[in-house]
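The values are calculated or read from the model by the stated rules, or taken from the named source; none is laboratory data. The structure presented is a predicted model; accordingly, all values stated were derived computationally and were not measured. Note that we place each Cβ from the backbone using ideal geometry, even for glycine, and neighbour counts take in every protein chain shown. To get the accessible areas, we keep the full protein, side chains included, count just its heavy atoms, and leave off ligands, DNA and RNA. Shrake-Rupley method; radii C 1.70, N 1.55, O 1.52, S 1.80 Å.
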Amino acid sequence: MIGYEPLFPEVTMDFKAMASKLGFDLEDFVEIVRLLITTSQSELLTVEKELAAGSSAGVSRAAHSIKGAAGNLGFMHVADLAREMETLANQGNAGSMDKIKEKAAALKANLDLIKIAGDKGY
């Protein structure tokens with residue numbers, strides 16, 4: 001996880017404020033966040049499969065999906081990690097693939113913390 005510390009949801013995330021900014025009530029926002037987590041976890045599995053297959057295009061598509069969903073909900077740290085994965089995948093060289101694995105691990109850790117925050121109703 002070079003260069004990235006996991007988010008600390010109790011300090012950095014205010015789901016109520018994030019929901020309000022997007023015009024949602026807290027309950028609806030938490031439900032959307034759960035969908036983000038589920039979809040992003042699925043996309044990370046796709047990243048793993050595409051990396052194993054050597055498909056940088058597949059990695060790029062999956063990272064792009066995470067980037068957009070996370071960014072639209074205000075999880076910019078996750079969106080930034082996904083953007084970096086997408087950029088690395090588009091470079092398409094072997095060295096980039098190892099960096100993508102690092103970014104994917106950091107992204108997963110952050111998604112886990114967002115899930116915890118959602119479960120607590122932040």
Report task. Could you please tell me which pairs satisfy a Cβ distance under 6 Å, a separation of 6+ or placement on different chains, a first residue in region 82-104 that is charged (D, E, K, R), and a second residue that is open to solvent by 70 Å² or more (accessible area, probe 1.4 Å) and modelled with pLDDT of 95 or more? Result -> Glu86/His64
Report task. Report whether or not Glu84 is touching a helix residue (DSSP H, G or I) at 6+ places or on another chain (Cβ under 6 Å), in a helix (DSSP H, G or I), within 26 Å of Met13 (Cβ to Cβ) and not aliphatic (A, V, I, L, M). Result -> yes
Report summary line: Those residues of region 14-62 which are aliphatic (A, V, I, L, M) and in contact with an Asp or Glu (Cβ under 7 Å, 6 or more places away or on another chain) amount to Ala19, Val59, Ala62
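If you take the residues of region 40-49 that are without any contact (Cβ under 8 Å) to a residue 24 or more places away in the chain and closer than 18 Å to Glu84 by Cβ, which of them is surrounded by the most Cβ atoms within 10 Å (Cβ to Cβ)? Steps first, answer last, please.
Step one: list which residues in region 40-49 are without any contact (Cβ under 8 Å) to a residue 24 or more places away in the chain, which gives 42-43, 45-46, 49.
Then drop every residue that is not closer than 18 Å to Glu84 by Cβ, which leaves 43, 46.
Details: Glu43: 21, Thr46: 18.
Applying the filter and picking the extreme gives Glu43.
Which count do you get for residues in region 53-71 that are open to solvent by 40 Å² or more (accessible area, probe 1.4 Å) and modelled with pLDDT of 95 or more? Before the answer, list the steps.
Start the filter on region 53-71 by keeping residues that are open to solvent by 40 Å² or more (accessible area, probe 1.4 Å), which leaves 53-54, 57, 61, 64-65, 67, 69.
This time we only want the ones that are modelled with pLDDT of 95 or more, so: 61, 64-65, 67, 69.
Here the count works out to 5.
Kindly establish whether Ala57 is within 14 Å of Leu111 (Cα to Cα) and either touching a residue at least 12 places away in the same chain (Cβ under 8 Å) or acidic (Asp, Glu) (or both).
Values: within 14 Å of Leu111 (Cα to Cα): no; either touching a residue at least 12 places away in the same chain (Cβ under 8 Å) or acidic (Asp, Glu) (or both): yes.
Answer is no for this residue.
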